[in-house]
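Peer 1: My structure is below; once you've seen it, I'll send some questions.
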Amino acid sequence: QVQVVESGGGLVQAGGSLRLSCAASGTILWFNAMGWYRQAPGKQRELVAVIISGGSTNYANSVKGRFTISRDNAKNTVYLQMNSLKPEDTAVYYCNVGRGGMNYWGKGTLVTVSS
């Protein structure tokens with residue numbers, strides 16, 4: 001069993017910053033890929049950023065230069081530093097961790113950016 005728990009969401013004004021955290025625990029002690037997705041009201045879930053075990057990262061074009069993903073392998077935790085937030089970043093942010101073709105999702109944390 002794997003548990004994935006996000007934290008750090010909240011309400012912030014446009015231009016502000018938030019840092020999301022995601023801790024994975026359970027029977028799997030290491031994940032190849034750890035990433036963040038988001039789903040805005042009425043829209044499909046989309047990739048925000050992903051980081052592979054070797055440190056390679058990939059970002060959605062809409063967040064490049066504003067968001068930074070990082071991971072602490074010892075803690076099985078992935079972070080998303082979000083700067084210069086825009087109202088269009090408002091969404092539920094989900095953490096996803098994967099290994100060996102298996103993917104595990106958290107329940108999400110709400111980020112609301114006011115204009």
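The values are calculated or read from the model by the stated rules, or taken from the named source; none is laboratory data. Values in this document were obtained by computation on a predicted structure and should not be read as measured data. Neighbour counts run over all protein chains shown; Cβ positions are idealised from the backbone, glycine included. Calculation scope for accessible area: heavy atoms of the full protein, side chains included, ligands and nucleic acids excluded. Shrake-Rupley method; radii C 1.70, N 1.55, O 1.52, S 1.80 Å.
Peer 1: Using a 1.4 angstrom probe on heavy atoms only, work out the carbon and sulfur share of the accessible area of the chain in %.
Peer 2: Percent of accessible area from carbon and sulfur atoms in the chain: 50.
Peer 1: From the Cα gyration tensor of the stretch 48-96, with a ≥ b ≥ c the square roots of its eigenvalues, which class applies: rounded if a/c is under 1.5, or else prolate if a/b is larger than b/c, or else oblate?
Peer 2: Prolate, because a/c is 1.5 or more and a/b exceeds b/c.
Peer 1: Please report, to two decimal places, log10 I(q)/I(0) for the stretch 33-115 at q = 0.24, 0.25 Å⁻¹ as given by the Debye formula with identical point scatterers on the Cα atoms and no solvent.
Peer 2: -1.28, -1.37
Peer 1: Let me ask something additional. At 1.4 Å probe size, with every protein chain present, just tell me what the per residue accessible area of the chain comes to in Å².
Peer 2: 53
Peer 1: Find the percent of Cα-Cα distances in the stretch 1-75 that exceed 22 Å, and round it to a whole number.
Peer 2: 27
Peer 1: Could the peptides 102-109, 7-14 be put in order, highest first, of the mean number of other beta-carbon atoms found within 10 Å of their residues?
Peer 2: Answer by packing, highest mean first, reads 102-109, 7-14.
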